[in-house]
Amino acid sequence: MFARLKSLDDRIFDNIPRIHRPAINRIMVTATRLGNAGIIWWFVCLMFLISPKWRYTGLVIIFSIGLTSLMGEGIIKHAVKRVRPCHDLDEEDKLLNNPRTFYSFPSGHTASSFAVAMVVILSHCPVYVMLPILMIASLIGFSRVYLRVHYLTDVVVGLFLGLVCGTASVMLFHAIVPQDLFYVMV
């Protein structure tokens, strides 16, 4: 099974340059940079924190980003130690400088993006809030494969890690600080 996954990863990695176009390259670099250090998600979180009605959701987003970072960046990446595919590329084949972190599994950009998306979904945010967040999360995840800094399996596992951490964050936060109690404290 692992040999099949590795073969799929390699085929996608080798063939993704076929869809590279200058305009798409710029969009993907921008998308990936939005995910650097969770920039876009901290901005989204700030928007939630500003609104008293959504402040609780903002706090859950902070918790989910922390949990996702701990699990993905702090534990799984260092346990698996999968080297990023971009380290084998020639400089002229790179659309992005090598990321600061050497290991690729799972994708932290994707994990944090889908952790935030899952919190927003489980918090019953309006569709006009949910859809852009899901679209940005998906774009960030795809950009990691497109830019060849992650294998597809890194991104897929990052997506699942984000969904699990987002769900766990909502459940843990609700168990620790019930939402109705929170409104009394605000």
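In the range 125-182, the residue that is surrounded by the fewest Cβ atoms within 10 Å (Cβ to Cβ) out of those that are in contact with a helix residue (DSSP H, G or I) (Cβ under 7 Å, 6 or more places away or on another chain) and among the hydroxyl-bearing types (S, T, Y) is T167.
Which members of the range 53-106 meet the condition of being modelled with pLDDT under 90 and of a type in the set (A, V, I, L, M)? Hits for the range 53-106 are V80, V83, L89, L95, L96.
The values are calculated or read from the model by the stated rules, or taken from the named source; none is laboratory data. Keep in mind that this is a model prediction, so the values were computed, not measured. A quick note on method: Cβ atoms are made from the backbone with ideal geometry, for glycine too, and the neighbour counts reach across all protein chains shown.
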